[in-house]
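The values are calculated or read from the model by the stated rules, or taken from the named source; none is laboratory data. None of these values were measured; they are calculated from a predicted model. Because the Cβ atoms are built from the backbone with ideal geometry, glycine has one as well, and the counts that use them run over all protein chains shown. For the accessible areas, the whole protein counts, side chains as well, though only heavy atoms, and no ligand, DNA or RNA atoms are used. Shrake-Rupley method; radii C 1.70, N 1.55, O 1.52, S 1.80 Å.
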Amino acid sequence: MDADFVPRQRLGFFLVALQLGLIITLAVAAGPVFLGGRAPAGAWLLALTGVALGMWALSANRPGNFNIQPAPRAGGRLVQHGPYRWIRHPMYTAVMACAGACTWAVASPWVWLATLGLAVVLAAKASFEERWMAIKHPEYVAYRARTTRFLPGLF
């Protein structure tokens, strides 16, 4: 076990806990609007796009390779097909699409704040994950150079 394992594990746990807390906050706020049929069509489209992207990203990973923590799994491999061909973090993009749909549906300052907080947490997770992936997978540096972090052509 390397010397940085425990600090990485703690940081990963903290970021995942924040992420899940913010996702639950958004779901509680927007769930009644979606379930009550009051969400705008655009919010539904954005949510469905996020779900579809998330499912595609999960299907591109082999079982046991996916990790909610930013630290790479032991024995994990670098996935470069499916949405990972263009986006390094398609699951984070999918989560943000769903968060955007919640924000569109509810449009309250608290939901905007939760969505902004979630974006900050996911950006931090992505930064740590990229640093650690480059150490674990030397080919990650070239992969990072030819892909975008979250949105092709934008970010």
inquiry  = So for region 72-87 (the condition being closer than 26 Å to G21 by Cβ, in contact with a helix residue (DSSP H, G or I) (Cβ under 9 Å, 6 or more places away or on another chain) and among the small types (G, A, S)), does at least one residue qualify?
reply    = yes
inquiry  = Against the condition part of a loop (DSSP other than H, G, I, E, B) and β-branched (V, I, T), how does V79 come out, does it pass?
reply    = yes
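Consider region 9-29. How many of its residues are of a type in the set (S, T, N, Q) and at pLDDT 95 or above? Reasoning before the result, please.
At the first step, the residues of region 9-29 found to be of a type in the set (S, T, N, Q) are 9, 19, 25.
When the remaining residues are screened for being at pLDDT 95 or above, the result is 19, 25.
Adding up the residues that qualify gives 2.
Among the residues of region 34-64 satisfying the criterion of being part of a loop (DSSP other than H, G, I, E, B) and farther than 21 Å from T148 by Cβ, which is least open to solvent (accessible area, probe 1.4 Å)?
Here is the first cut: in region 34-64, the ones part of a loop (DSSP other than H, G, I, E, B) are 36-40, 61-64.
Those left that are additionally farther than 21 Å from T148 by Cβ: 36-40, 62-64.
Working: G36: 46, G37: 60, R38: 153, A39: 13, P40: 47, R62: 96, P63: 123, G64: 58 Å².
Only one residue tops the list, namely A39.
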note = Log entry, pairs with first residue in region 96-111 being touching a residue at least 24 places away in the same chain (Cβ under 8 Å) and over 12 Å from I23 (Cβ atoms), second being open to solvent by 40 Å² or more (accessible area, probe 1.4 Å) and part of a loop (DSSP other than H, G, I, E, B), beta carbons closer than 9 Å, six or more apart or on different chains, reads W104/P40; A105/R38; A105/P40
Candidate set: region 125-155, residues that are farther than 13 Å from T93 by Cβ and touching a helix residue (DSSP H, G or I) at 6+ places or on another chain (Cβ under 6 Å); chosen: the one surrounded by the fewest Cβ atoms within 10 Å (Cβ to Cβ) = V141
inquiry  = Take the conditions free of Cβ contacts under 8 Å to residues at least 24 places away in the same chain, closer than 16 Å to L20 by Cα and not in a loop (DSSP other than H, G, I, E, B) and apply them to V120. Does it pass?
reply    = yes
Total residues in region 67-88, condition open to solvent by less than 70 Å² (accessible area, probe 1.4 Å) and in contact with a Ser or Thr (Cβ under 7 Å, 6 or more places away or on another chain) = 3
query = Residues in region 98-107: is at least one touching a Ser or Thr at 6+ places or on another chain (Cβ under 7 Å) and within 23 Å of R8 (Cα to Cα)?
reply = no
